[in-house]
Amino acid sequence: MQTEKTIEWIKTGDLKGVSRMIDQTLIPYEYKKIDIKTTNEMYDAIKTMIVRGAPAIGIAGAHGVVLAAIESLDKDNFKEEVIKKANYINSSRPTAVNLSWAIKKQLEIIENSKENNEKTVELLIENAIKLENEDIEINKKIGEFGSAIVPKGATILTHCNAGALATVGHGTALGVVRSAFEKDSTIKVFADETRPRQQGARLTTYELTRDGIDTTLITDGMGAYFMKKGMIDVVITGADRIALNGDSANKIGTYMVAIAAKYHNIPFYIAAPKSTIDPNIKTGDEIVIELRDRSEVVEINGKPICTPKVNVINPGFDVTPASLITGIITEYGIFKPEELYKIFE
Ligand code: MRU
């Protein structure tokens, strides 16, 4: 089990510090941590998916604001400078709401601080570390609630990586798997490979096999086949942004899995923290879907797999409508999509 934080603020004295993170682009070939020291580096780390997964990029955003504040310490217009840099980091990836959620939490500290700039930086660091620790606690609660819906000996299908790597620790969908596995070591996981970035193949199978969980890798088109054969008992995925009506954006391909699950009467659950629910949007139609570079589709490991003349469209996410979702597992319990709004009451 991964005991280290995927991403954490490391204090280096003299008000300096770095955001230390596992470089997820290298897994499974190499397990290496890198230190992010500037807001420009943070923007690139999020954009190039060195750090990825909604809760993890939320923490990256919180760290980014600390870096922005350190860079702006000597500026007369300290607050404005930090806000400008924070907005830049926020523009790195549009779909996961956790990024803007965590940046907003940090900017509230700047807005409300009556302290000098140095002391304000300390407050930002304290808050970033608090958010890191809370993320792990929240995921453990999600795991605990979610383990109740995993039948004994079940095979769980998951899509993308909603594991420890996508969070600070434990994971959301894989947090449910981990918590269920602690109670019943006979559960199994089928992991979709998750084209084009292969988060399922590269990250999910890495995490789960390391924990000794029985894991089978399948390609994205195989799910319905195994559902029809009666080999999948429940589907659990993470989410990047959930609308108030329960419509949930997650990695491209999730919608297709949810349709197949509905057809085969297999329960489909989303596991996500409250910070992934966007109270400002009523339905999934309002979710901005990130469009990524064509190279992710036409190349594998930097080598072309097709003619360069072909057109490509590469949306990073899709929206699964609430009608296909059995329940949303949060740190406050499991909600039916139509009751999700109650989490804000
Ligand atoms: O593009 P990614 O790898 O950041 O997409 C990640 C996902 O879609 C995850 O399922 C989601 O962020 C939930 S992570 C707990």
Counting just the residues of the stretch 14-26 that are more than 16 Å from the ligand (Cβ to nearest atom) and surrounded by fewer than 17 Cβ atoms within 10 Å (Cβ to Cβ), which one comes out farthest from the chain's Cα centre (by Cα)?
14
If I ask for residues that are among the aliphatic types (A, V, I, L, M) and assigned to a loop (DSSP other than H, G, I, E, B), which ones from the stretch 278-295 would you list?
281, 287, 288, 289
Within the stretch 240-253, identify whether any single residue is farther than 14 Å from residue 326 by Cα, within 14 Å of the ligand (Cβ to nearest atom), surrounded by fewer than 24 Cβ atoms within 10 Å (Cβ to Cβ) and charged (D, E, K, R), and answer yes or no.
no
Among the residues of the stretch 27-63, how many are within 16 Å of the ligand (Cβ to nearest atom) and part of a loop (DSSP other than H, G, I, E, B)?
8
Options 190, 145; residue that is touching a residue at least 40 places away in the same chain (Cβ under 8 Å), in contact with a Leu (Cβ under 7 Å, 6 or more places away or on another chain) and of a type in the set (Phe, Trp, Tyr):
190
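Has the stretch 97-108 got at least one residue that is without any contact (Cβ under 8 Å) to a residue 12 or more places away in the chain and either touching a Ser or Thr at 6+ places or on another chain (Cβ under 8 Å) or more than 16 Å from the ligand (Cβ to nearest atom) (or both)?
yes
Mind checking whether some residue in the stretch 140-149 is among the charged types (D, E, K, R), over 30 Å from residue 259 (Cβ atoms), away from the ligand (no atom under 16 Å from the Cβ) and part of a helix (DSSP H, G or I)?
Of the stretch 140-149, the ones among the charged types (D, E, K, R) are 140-141, 144.
Of the ones still in play, those that are also over 30 Å from residue 259 (Cβ atoms) are 140.
Then drop every residue that is not away from the ligand (no atom under 16 Å from the Cβ), which leaves none.
No: the stretch 140-149 contains no residue that is among the charged types (D, E, K, R), over 30 Å from residue 259 (Cβ atoms), away from the ligand (no atom under 16 Å from the Cβ) and part of a helix (DSSP H, G or I).
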Please work out which one of (1) crowded, with 24+ Cβ neighbours inside 10 Å; (2) within 14 Å of the ligand (Cβ to nearest atom); (3) not polar (S, T, N, Q) is the condition residue 180 fails and give its number.
(2)
Subset of the stretch 255-285 (residues that are among the acidic types (Asp, Glu) and within 22 Å of residue 53 (Cβ to Cβ))
278
Residue count, the stretch 113-122, condition assigned to a helix (DSSP H, G or I) and either within 16 Å of the ligand (Cβ to nearest atom) or in contact with a helix residue (DSSP H, G or I) (Cβ under 9 Å, 6 or more places away or on another chain) (or both), comes to 3
Would you check which residues across the stretch 275-286 are more than 19 Å from residue 46 (Cα to Cα) and buried (at least 17 other Cβ atoms within 10 Å of the Cβ) and list them?
277, 278, 281, 284
Can you pull out every residue in the stretch 101-152 that is of a type in the set (Ser, Thr, Tyr) and closer than 19 Å to residue 71 by Cβ?
113, 120
Is it true that residue 79 is touching a helix residue (DSSP H, G or I) at 6+ places or on another chain (Cβ under 7 Å), within 16 Å of the ligand (Cβ to nearest atom), among the charged types (D, E, K, R) and touching a residue at least 12 places away in the same chain (Cβ under 8 Å)?
no
Would you check which residues across the stretch 311-337 are in contact with a helix residue (DSSP H, G or I) (Cβ under 7 Å, 6 or more places away or on another chain) and outside any strand (DSSP E or B) and list them?
312, 314, 321, 322, 324, 325, 331, 332, 337
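Looking only at the stretch 296-306, decide whether some residue is hydrophobic (A, V, I, L, M, F, W, C), free of Cβ contacts under 8 Å to residues at least 60 places away in the same chain and assigned to a loop (DSSP other than H, G, I, E, B). Don't jump to the end; show me each part of the working.
Our first condition is that a residue be hydrophobic (A, V, I, L, M, F, W, C); within the stretch 296-306, this holds for 297-298, 300, 305-306.
Of the ones still in play, those that are also free of Cβ contacts under 8 Å to residues at least 60 places away in the same chain are 298, 300, 305-306.
Still in the running and assigned to a loop (DSSP other than H, G, I, E, B): 305-306.
Yes, because at least one residue in the stretch 296-306 is hydrophobic (A, V, I, L, M, F, W, C), free of Cβ contacts under 8 Å to residues at least 60 places away in the same chain and assigned to a loop (DSSP other than H, G, I, E, B).
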Out of 193, 144, 126, sole residue that is closer than 30 Å to residue 74 by Cα and among the acidic types (Asp, Glu)
126
Given (1) more than 27 Å from residue 178 (Cβ to Cβ); (2) within 15 Å of the ligand (Cβ to nearest atom); (3) crowded, with 23+ Cβ neighbours inside 10 Å; (4) not polar (S, T, N, Q), residue 94 misses just (3)
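Coordinate-derived values only; no laboratory data. On a predicted model such as this, the values are computed, not experimentally measured, just so you know. All Cβ positions, even for glycine, are placed from backbone atoms using ideal geometry, and neighbour counts span all protein chains on display.
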